[in-house]
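Have a look at the structure below before the remarks.
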Amino acid sequence: MEGTIGTSPAGTDGHAESEAPAEASARAGRPAQSGGPCPLCEYEAWAYLFVSHGIPVYRCAKCGLTRLYPQPTRAEVLAFYANSTGHDPFADDAHLPDSVTEQEAAKAYVRVLQRRGPPGPSVLLVATAGHPFAGIASSHGYEIETFLTMQELSRSRLAPERYDSAVVILELEKADSPIAALEQIHGALKPDGKLLLVTSSMDSWSARFFGSQWPGWRPENLYTWTARRSGRPWCAAASPG
Ligand SMILES: [Zn+2]
């Protein structure tokens, strides 16, 4: 992998919520199983953290990956937002193109790509529809050939070895299978292609400060990462060569 940036998602509308573990267990019922082996390191020990938005959160004892379990379906996520903010996390995020924060972040992502070499003509972008990265990257010589959300990617067949770069912005968290998504992207990159992966991070200042109140705990974010090394080189799944 050529570059990774940890960041905190914007536009969470202050709807993060959590409960004390004891209360959560009593209300939601702590499941006897936590979803099987870790999809990154395949370790089977999970530490229960807390309940967020009514869903238990577990952390892999080996690599630190966190996982919601049981994982909410898309319909359940939409129902959650319908009952709270009305926001559709899978739809076009209207605030993004005008968000100064997102625009500045998008410029930073372009600079990361530029530092990794001259721009190739073809970029695969996996991001929320309307994300300002597309326009900013285009103005710097990149061509956004394909622009998908993670849900659309999972239903798509990409041409093999087509793209010079792949940019994934705060979408890998939403993948039912992060490894499968990365393998799909890997197959679509040219042999010398580059991947820029932007994820929310448990190592971020905001995640450590806010703990269970961190806005990154959203029902659509099925997974959250740490920089801790896992037993499985999951980043290599999308690393060319
Ligand atoms: Zn793990």
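I'd like the FRET efficiency for Glu161 and Asn83, computed as 1/(1 + (r/R0)^6) with the beta carbon distance as r and R0 of 51 Å, rounded to 0.05. Numbers along the way, then the final one.
Details: r = 44 Å, r/R0 = 0.87.
According to the calculation, E is roughly 0.70.
Based on the mean of other beta carbon atoms within 10 Å per residue, what is the order of 124-135, 180-191, 203-214, most packed first?
Values: 124-135: 21.6, 180-191: 17.9, 203-214: 14.7.
Result, highest mean first: 124-135, 180-191, 203-214.
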inquiry  = If packing is taken as the average number of other Cβ atoms within 10 Å across a peptide's residues, how do 137-149, 50-62 rank, most packed first?
reply    = 50-62, 137-149
request  = Apply the Karplus parameterisation 6.51 cos²θ - 1.76 cosθ + 1.60, with θ equal to phi minus 60°, to every residue of the range 202-216 and state each ³J(HN,Hα) to the nearest whole Hz, in sequence, with x for glycine and proline.
outcome  = 5, 8, 5, 4, 5, 5, 5, 6, 7, x, 5, 8, 4, x, x
Cα-based reach from Lys174 at 24 Å (exclusive), listing lysines while leaving out same-chain residues under 8 positions away = Lys62, Lys107, Lys194
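As a test of the definition: which semi-axes, in Å, follow for the range 108-150 when you take the square root of five times each eigenvalue of its alpha carbon gyration tensor? Largest first, please. Display every interim value, and only then the final one.
Working: eigenvalues 57, 22, 17 Å².
So the three semi-axes of the range 108-150 are 17, 11, 9 Å.
None of the figures in this text is laboratory data; all of them are computed from the coordinates on show. For clarity, every value in this text was computed on a predicted model and none was experimentally measured. Every residue, glycine as well, gets a Cβ built from its backbone with ideal geometry; the counts of neighbours run over all protein chains shown.
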